[in-house]
Amino acid sequence: MSASSSPTGITAPRLLTALRDSRAGLAFAVLALTWIAAVLFASGFDTASSFRFLVQTSSFLGIVAVGQTLVVMMSGIDLSVSGVVALSAVVCAKVASGSGPGDAAGITAALALSALVGAVNAAGVVWLRVPPMVMTLATGTIISGALLVYTDGSPSSAKVPLLDSLANGRVLGVPLAFVLWLLITSVAGWVLHLSRTGRYVFALGTSEPASRASGVPLAATTFIAYPACALLAGVAGLVLLGFTGTSSLTMGSPYQLLSIASVVLGGTSILGGRGHVLGTVAGALLLTLLTALLTSWNMSEGLRQVVLGVLIIALLLVYARERRA
């Protein structure tokens, strides 16, 4: 085996070629054009501080979207991520602000519960044969209801120094939240595109019956993808808690559909079996940039949502045309 090859037969040059020829490359091109348009037609987008703020705020969505990519690649979906984001932040805020174990215990408890939610989702999909959309939607609804009972609908404030530094700190001028997102993306990219597990994910996304017949471990792969997705949603919730200093029941709501849109805009097929995790990075940056651009034009929240939805549909039509070509 050559030094540039992997156990799955995927080589680094082939990976770069696939990225260049995929819709992920188109997503980055659209992102670049949108940034140029923002600089030309809106004020404040041509400064280094605005760019840093863009990548910082994109990181919250991006971390959730990377986890969503893992399940969408295998023809699944996770509609519980918004609940997990809120669950992680609320649990960490409650534990860290108490007189007990402190910040480390709050972070550990939040991540453990997030992974547990993912394991419950995987169990429902594998053993109960519940469709992923139904299972994860039910799980997310249960989480939202439980949090409402637990908090009585009141937001919680918490100052967690580690999370505050992670969300707002910088290294060489680069936001630490963005660095964390890139590290997570790197690990997810290796798992999806250079490991045997990733090969199983793509196979299940292409054809589950054929994958079963070929000996692909459906249960094991599912119990990796869904807990990983929920765990990353939990990480995003912790970083958001550090950024805002407050946890609330609705703080994860924007990330449910936006995480799926980031995945699809990044070139991953919603039916699974095709895509690239780097495209998700472009999708998250693009959606955050579009939101910031519309906000800078003083659009109302309702009109902003309408325009953003139309733009997403238009971009998907462009991608579909590119694929046919």
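The values are calculated or read from the model by the stated rules, or taken from the named source; none is laboratory data. The structure presented is a predicted model; accordingly, all values stated were derived computationally and were not measured. So basically every Cβ, Gly included, is an ideal-geometry build from the backbone, and we count neighbours across all protein chains shown.
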Failed condition for A314, given (1) part of a helix (DSSP H, G or I); (2) crowded, with 17+ Cβ neighbours inside 10 Å, with all others met? (2)
Name every residue in region 249-263 that is out of contact with any Ser or Thr (no Cβ under 8 Å at 6 or more places or on another chain) and more than 30 Å from A24 (Cβ to Cβ), in order of residue number. T250
Considering only region 186-210, state which residues are surrounded by 19 or more Cβ atoms within 10 Å (Cβ to Cβ) and at pLDDT below 90. H193
V264 passes all but one of (1) in contact (Cβ under 8 Å) with a residue 40 or more places away in the chain; (2) over 16 Å from S75 (Cα atoms); (3) hydrophobic (A, V, I, L, M, F, W, C); which number fails? (2)
Exactly one condition in (1) under 28 Å from G25 (Cβ atoms); (2) touching a Phe, Trp or Tyr at 6+ places or on another chain (Cβ under 9 Å) is not met by V277; state its number. (2)
Which condition breaks for V281 when tested against (1) assigned to a helix (DSSP H, G or I); (2) touching a Ser or Thr at 6+ places or on another chain (Cβ under 8 Å); (3) surrounded by fewer than 20 Cβ atoms within 10 Å (Cβ to Cβ)? (3)
Taking the criterion of being surrounded by fewer than 19 Cβ atoms within 10 Å (Cβ to Cβ) and either touching a strand residue (DSSP E or B) at 6+ places or on another chain (Cβ under 8 Å) or at pLDDT 90 or above (or both), would at least one residue in region 13-31 satisfy it? no
Determine, yes or no, whether A38 is closer than 24 Å to L289 by Cβ, of a type in the set (A, V, I, L, M) and either part of a helix (DSSP H, G or I) or modelled with pLDDT of 90 or more (or both). yes
For region 42-54, give me each residue that is in a helix (DSSP H, G or I) and crowded, with 19+ Cβ neighbours inside 10 Å. L54
Those helices (runs of 4 or more DSSP H) completely within region 66-185 that have 1 or more residues that are at pLDDT 95 or above are 81-96, 103-126, 132-151
So which residues in region 243-257 are buried (at least 24 other Cβ atoms within 10 Å of the Cβ) and either part of a helix (DSSP H, G or I) or polar (S, T, N, Q) (or both)? S247, Y255
Give the residues of region 24-72 that are β-branched (V, I, T), closer than 14 Å to L285 by Cβ and in contact with a Ser or Thr (Cβ under 8 Å, 6 or more places away or on another chain), sorted by residue number. T57, V64, V66
